[in-house]
Amino acid sequence: MNDQVEDRQRSPAHEILELLQSELAAAAPFFRTGERNERLRPGIIRRLVAELMTDDERAAYLGLGEGCRVRENAKIISPEKLVCGKYVNVGEGSILDASGGLEIGDHTSIGLYVMVWTHSSHLANLTLRNVPGSTLITRKPTRIGRGCFLAGHSVVLPGVTIGDRTMVLPGSVVANDVEGGCIVAGAPAQKFTSWADMVRPQS
């Protein structure tokens, strides 16, 4: 009888904790000490906990503003350096790298598997000096305006500014600044048309 009462009182959280404890025990031999590992681990745990939440819960837990949503498997690097507006949607599998400073305006959507970068290690790779903490890693602030839509699998490179009400079509690589109110496409992304051209009455 007592066992049945105890089973009813157990919540899903209890079962999840037991599973985590079992996996942690199995993984214990593979954990390493060191400044870098200890610095990265809290963020890894935070992302693990966030995966148990709904998109609006996840956004609030990660410190995003009113009305924001973050879908499953999205990753925010250096979230403390992210300045995010209201009603921002972040799609599944997206990577938002804020390590060099990242701003996202209100009512902007980041599509599925979009990558927004504020740092690059290409110099460290090319000079065979790709070691943790390399001084050759470059960081530049990236800014995405209000009312933007970045479609799936797009890439935004470090240091780029995207103006308000801009749409980036699927698979584009935004390597240079983009003026507001336009649609861009391609690799590198080029202006395809503007909202003004789209809504202008046809003669």
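Read-outs throughout are calculated quantities, based only on the coordinates presented, and are distinct from any laboratory measurement. These numbers come from a predicted model, not from an experiment. Cβ coordinates were reconstructed from backbone atoms using ideal geometry, including for glycine residues, and neighbour counts include every protein chain displayed.
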Dividing the mean separation of Cα pairs under 8 Å (6+ apart) by the residue count of the chain yields a relative contact order in percent of 11 percent
Amide hydrogen neighbours beyond the local backbone of K75, cut-off 5 Å, H modeled: S94, I95, L96
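Run through the DSSP bridge list for the chain and note the antiparallel percent, rounded to the nearest 5. Write out the running numbers ahead of the final one.
Working: 6 of 34 bridges.
Counting DSSP beta bridges with both partners in the chain, the antiparallel share is about 20 percent.
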Taking amide H atoms as placed 1.01 Å from N in the peptide plane, list the residues 5 or more away in sequence, or in a different chain, whose amide H sits under 5 Å from that of S99. T118
Per-residue counts of other Cβ atoms within 10 Å, averaged by peptide: what ranking do you get for 29-35, 147-153, 181-187, highest first? 147-153, 181-187, 29-35
With axes computed from alpha carbons, what is the tilt in degrees of helix 35-50 against the longest principal axis of the chain, rounded to the nearest 10 within 0 to 90? 90 degrees
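Treating only the Cβ of Lys, Arg, Asp and Glu as charged (+1, +1, -1, -1), what charge dipole size does the stretch 55-195 show about its Cα centre? Round to the nearest 20 debye. Spell out each step's value before the answer.
Numbers: 13 positive and 13 negative charges, 76 e Å.
Dipole magnitude for the stretch 55-195 comes out near 360 debye.
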Highest GNM mean-square fluctuation, the chain, Cα pairs closer than 10 Å: which of I95, I44, I16? I16
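Taking 0.36 nm per residue of sequence separation and subtracting the Cα-Cα distance, how much length would be gained by fully extending the chain between Q21 and L40, in nm to one decimal? Write out the running numbers ahead of the final one.
Working: separation 19, 0.36 × 19 = 6.84 nm, distance 2.00 nm.
Stretched fully, the Q21-L40 segment lengthens by 4.8 nm.
Rounded, prolate or oblate for the chain? Axes are the square roots of the Cα gyration tensor eigenvalues, ordered a ≥ b ≥ c, and the cut-off for rounded is a/c under 1.5. Before the final figure, lay out each step's value.
Numbers: a/c = 3.00, a/b = 1.51, b/c = 1.99.
Judged from the Cα gyration tensor, the chain comes out oblate (a/c at least 1.5, b/c at or above a/b).
What order do you get for 69-77, 47-55, 128-136 when each peptide is scored by the mean count of other beta carbon atoms within 10 Å, highest first? Spell out each step's value before the answer.
Details: 69-77: 19.7, 47-55: 13.8, 128-136: 10.7.
Top of the packing list down: 69-77, 47-55, 128-136.
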Cα centroids of the stretch 154-193 and the stretch 53-69: how far apart, whole angstrom? 26 Å
Mind telling me which of R165, R46, R143 comes out most flexible in a GNM of the chain, alpha-carbon contacts under 10 Å? R46
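Could you tell me the calculated FRET efficiency between S11 and N73, based on Cβ-Cβ distance and R0 = 35 angstrom, to the nearest 0.05? Walk me through the intermediate numbers first.
Numbers: r = 25 Å, r/R0 = 0.71.
Using R0 = 35 Å, I get an efficiency of 0.90.
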Of I77, H122, V155, whose Cα points farthest to the positive end of the dipole of the chain (charges on the beta-carbon: +1 Lys, Arg; -1 Asp, Glu; origin at the Cα centre)? H122
